[in-house]
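Undergrad: Let me begin by handing over the structure; questions about it come next.
The values are calculated or read from the model by the stated rules, or taken from the named source; none is laboratory data. Given the structure is predicted, the values throughout are model-derived calculations rather than measurements. Virtual Cβ from ideal backbone geometry, glycine too; neighbours counted across all protein chains shown.
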Amino acid sequence: MAWLVGWAAAWILIHRLISGGPFRSGLVARIGERPYRMSFAALSIVCLAGLGHAYANVKPTSIATAPWLVGIVAVIQLFATLLTIAGLSTRNPATAGMANLVDEPDIVRGMVRVTRHPFLWGILLWSASHLLVRHDSAALLFFGSIGAVAAMGMWSIDRKRRLALGAAWLDFSRRTSLVPFWAIAAGRQTFAFGEIGLWRMVAAFVIWFALLWLHPFLSGLHRSLV
């Protein structure tokens with residue numbers, strides 16, 4: 001459990017202190033924006049791999065879950081998968097390296113109409129859905145730390161973009177919402193189903209179904225290797 005605590009702390013701290021904190025500007029000034037992003041991505045992968053390995057070694061082998069709750073979690077994770085794929089494949093000023101798109105008049109399209117942080121919401125919902133069925137301390141550390149970083153990331157990105165882009169970001173944020181569907185419900189945005197893209201919906205369903213099918217196998221495989 002000590003390793004899980006350490007990796008969870010490392011995962012949170014690198015995002016809080018480096019990506020969204022006081023060390024980022026100094027590192028960018030010293031090594032440049034692109035090398036910084038590549039280095040931080042590599043560091044994140046290492047921390048996430050360590051976190052996952054530590055969790056797999058201490059999590060309970062099995063849990064009893066009501067079928068109705070399994071169904072709810074599955075639906076949440078399908079939506080989370082769609083948000084994640086859309087977030088990775090949609091032009092969005094809130095995405096790293098795309099801040100310059102904020103002035104484009106038609107930039108609010110597809111899933112960005114739903115939320116300006118689709119990728120992070122996908123990760124947050126994925127984490128939260130697991131915590132609906134797993135309440136042990138190992139799950140709270142693993143899924144909780146991942147979800148917390150996703151939630152903090154939305155606030156951090158909004159703050160950095162507001163400081164860097166000023167009025168252009170304020171206009172973009174008025175036409176979008178942090179909370180999914182909030183801008184649509186408030187009448188500040190409309191929902192355009194066709195803009196999301198059929199290929200994204202098909203890809204989300206395929207990945208979601210594959211993960212559901214592989215989930216027991218992957219858990220068993222890890223335990224057979226350690």
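Undergrad: Working carefully through the options 91, 161, find the one that is in a helix (DSSP H, G or I), of a type outside the set (A, V, I, L, M, F, W, C) and farther than 23 Å from residue 6 by Cβ.
TA: Just one listed residue meets the conditions, 161.
Undergrad: Let me ask something additional. Look through 115, 81 and report the one residue that is more than 19 Å from residue 172 (Cα to Cα), assigned by TED's automatic domain parsing to the domain that holds residue 153, at pLDDT 95 or above and of a type in the set (Ser, Thr, Tyr).
TA: Checking each option against the conditions leaves just 81.
Undergrad: Can you run down the residue pairs with Cβ atoms below 9 Å, 6 or more apart or on separate chains, where the first is in the stretch 160-182 and touching a residue at least 40 places away in the same chain (Cβ under 8 Å) and the partner is part of a helix (DSSP H, G or I) and among the hydroxyl-bearing types (Ser, Thr, Tyr)?
TA: Qualifying pairs under 9 Å: 161/173.
Undergrad: Listed residues 49, 54; which is buried (at least 19 other Cβ atoms within 10 Å of the Cβ), over 29 Å from residue 114 (Cβ atoms) and not assigned by TED's automatic domain parsing to the domain that holds residue 156? Spell out how you get there, then give the answer.
TA: Numbers: 49 fails: buried (at least 19 other Cβ atoms within 10 Å of the Cβ).
When all the criteria are applied, what remains is 54.
Undergrad: While we're here: Quick test for you: out of 194, 220, pick the one residue that is exposed (fewer than 11 other Cβ atoms within 10 Å of the Cβ), at pLDDT below 95 and over 22 Å from the mean Cα position of the chain (by Cα).
TA: Checking each option against the conditions leaves just 194.
Undergrad: Continuing with this model, one more query. For residue 145, are the conditions met, namely being assigned to a loop (DSSP other than H, G, I, E, B) and modelled with pLDDT of 95 or more?
TA: Considered against the rule, which asks whether it is assigned to a loop (DSSP other than H, G, I, E, B) and modelled with pLDDT of 95 or more, residue 145 comes out as no.
Undergrad: Here is a follow-up. Looking for whichever is outside the structural domain of residue 208 (by TED's automatic domain parsing), touching a residue at least 24 places away in the same chain (Cβ under 8 Å), under 29 Å from residue 171 (Cβ atoms) and surrounded by 16 or more Cβ atoms within 10 Å (Cβ to Cβ) here; the options are 87, 20. Which one fits?
TA: 20
Undergrad: Return the total of residues in the stretch 94-133 being in a helix (DSSP H, G or I) and of a type in the set (Lys, Arg).
TA: Selection size over the stretch 94-133: 1.
Undergrad: Also, quick follow-up: State whether one or more residues within the stretch 140-148 are surrounded by fewer than 17 Cβ atoms within 10 Å (Cβ to Cβ) and touching a residue at least 60 places away in the same chain (Cβ under 8 Å).
TA: No, that holds for no residue.
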